[in-house]
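The values are calculated or read from the model by the stated rules, or taken from the named source; none is laboratory data. Here the structure is a predicted model, which is why all the values come from computation and not from measurement. Glycine gets a Cβ as well: all are built from the backbone with ideal geometry, and neighbour counts include every protein chain shown.
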Amino acid sequence: MRRIPDPPQVIVQKLTTAFNKHDLDAVSLLIAANCVVAAHGGETEQVGAPAICAQYHAAFEERPKLRIGVMGRMVQGNIVVQHESLSRGLGVGERRIAVYTVNGEKVTRVEFIR
């Protein structure tokens with residue numbers, strides 16, 4: 001029997017949960033090998049799962065309380081738009097919009113509107 005793939009919002013929630021647990025193994029399973037992280041309408045920040053995981057690893061080491069709070073989420077097709085609060089353990093976090101593109105069961109692109 002063929003398994004039904006998780007919908008995009010479930011993939012993004014799994015990625016958010018893995019990020020909040022600082023679980024790089026789980027993160028690496030959820031992002032595509034050629035995933036791109038970029039500022040919306042701007043320059044590319046990271047390309048590829050190894051670069052993204054290395055950046056996350058450094059951020060987790062520097063900020064052990066780093067977490068993403070989800071303030072809202074919308075889904076249209078394979079696009080998930082998430083209103084996030086990035087907390088560094090110092091109270092109110094940086095608010096941003098994250099636009100995730102999901103193909104298959106992998107995140108292939110993330111754009112941040114800050």
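Looking at the structure I just gave you, is Thr44 buried (at least 16 other Cβ atoms within 10 Å of the Cβ) and either on the phi > 0 side of the Ramachandran plot or among the β-branched types (Val, Ile, Thr) (or both)? Taking the combined requirement at face value, the residue does not satisfy it.
Does Arg109 fit the bill of being modelled with pLDDT under 95, assigned to a strand (DSSP E or B) and surrounded by 12 or more Cβ atoms within 10 Å (Cβ to Cβ)? So Arg109 fails the test. The residue pairs whose first member lies in the stretch 85-114 and is under 17 Å from Asn20 (Cα atoms), whose second member is part of a loop (DSSP other than H, G, I, E, B) and of a type in the set (Val, Ile, Thr), and whose beta carbons are closer than 8 Å, counting only pairs six or more residues apart or on different chains, are Ser85/Val92. Quick check on Phe19: is it hydrophobic (A, V, I, L, M, F, W, C) and in a helix (DSSP H, G or I)? Answer is yes for this residue. All of Lys106, Lys21, Lys65 fail the test of being in contact with a helix residue (DSSP H, G or I) (Cβ under 8 Å, 6 or more places away or on another chain) and either of a type in the set (Lys, Arg) or on the phi < 0 side of the Ramachandran plot (or both), apart from Lys106.
Which members of the stretch 15-28 meet the condition of being more than 18 Å from Val47 (Cβ to Cβ) and either touching a residue at least 40 places away in the same chain (Cβ under 8 Å) or surrounded by fewer than 18 Cβ atoms within 10 Å (Cβ to Cβ) (or both)? Those that are more than 18 Å from Val47 (Cβ to Cβ) and either touching a residue at least 40 places away in the same chain (Cβ under 8 Å) or surrounded by fewer than 18 Cβ atoms within 10 Å (Cβ to Cβ) (or both): Thr16, Thr17, Phe19, Asn20, Lys21, His22, Asp23, Asp25, Ala26. Consider the stretch 32-67 and keep the residues that are in a strand (DSSP E or B) and out of contact with any Ser or Thr (no Cβ under 8 Å at 6 or more places or on another chain). The one that is nearest to Lys106 (Cα to Cα) is Ala33.
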